[in-house]
Amino acid sequence: QVQLVESGGGLVQPGGSLRLSCAASGSIFSINTMAWYRQAPGKRRDLVASIHSLGGTNYADSMKGRFTISRDNAKNTVLLQMNSLKPEDTAVYYCNADLTESINGYYRPGVYWGQGTQVSVSS
């Protein structure tokens, strides 16, 4: 089975930086898109950034210029470098992957989610 595991969350002061990492594991044939979402208490889960296997990226407006998404295709890993963090960035950050799993010679596409990692920005 496919699993996504996030790491790198924590508590930082406003203006600080964090780097989140998400590694996908399992019988993965290919990954189309990997992305980061976030969800604050009482709020809906919103897209932070996404990256296609060919390198194209998409960012939410509030993250542009501060966050950078990248990936290591060989390791099935996506990174999110977060700079100039603000209190409003506080949320649980979730990894997402749109991929195709290989099972006994057959292929099954699907969307998978990680368990989330907490990011807290406070003085």
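The values are calculated or read from the model by the stated rules, or taken from the named source; none is laboratory data. Everything numeric here is computed off the predicted structure, so don't read it as measured data. In this analysis, Cβ positions are derived from the backbone assuming ideal geometry, glycine residues included, and neighbour counts consider all displayed protein chains. Surface accessibility is based on the protein's heavy atoms, side chains included, excluding ligands, DNA and RNA. Shrake-Rupley method; radii C 1.70, N 1.55, O 1.52, S 1.80 Å.
Taken as a whole, the structure leaves Asp98 outside the set of residues that are of a type in the set (Asp, Glu) and touching a Phe, Trp or Tyr at 6+ places or on another chain (Cβ under 7 Å). Evaluated against (1) touching a Lys or Arg at 6+ places or on another chain (Cβ under 8 Å); (2) open to solvent by 40 Å² or more (accessible area, probe 1.4 Å), Asp72 falls short on exactly one condition, (1).
Considering only residues in region 15-47 that are part of a loop (DSSP other than H, G, I, E, B) and charged (D, E, K, R), the one that is nearest to Ser122 (Cα to Cα) turns out to be Lys43. If you check Val12, Val78 for being of a type in the set (A, V, I, L, M, F, W, C), under 13 Å from the mean Cα position of the chain (by Cα) and either open to solvent by less than 40 Å² (accessible area, probe 1.4 Å) or farther than 28 Å from Ser122 by Cα (or both), only one passes: Val78. For region 15-39, name all the residues that are out of contact with any Lys or Arg (no Cβ under 8 Å at 6 or more places or on another chain), without any contact (Cβ under 8 Å) to a residue 60 or more places away in the chain and either among the β-branched types (Val, Ile, Thr) or surrounded by 14 or more Cβ atoms within 10 Å (Cβ to Cβ) (or both). The one that is out of contact with any Lys or Arg (no Cβ under 8 Å at 6 or more places or on another chain), without any contact (Cβ under 8 Å) to a residue 60 or more places away in the chain and either among the β-branched types (Val, Ile, Thr) or surrounded by 14 or more Cβ atoms within 10 Å (Cβ to Cβ) (or both): Ser21.
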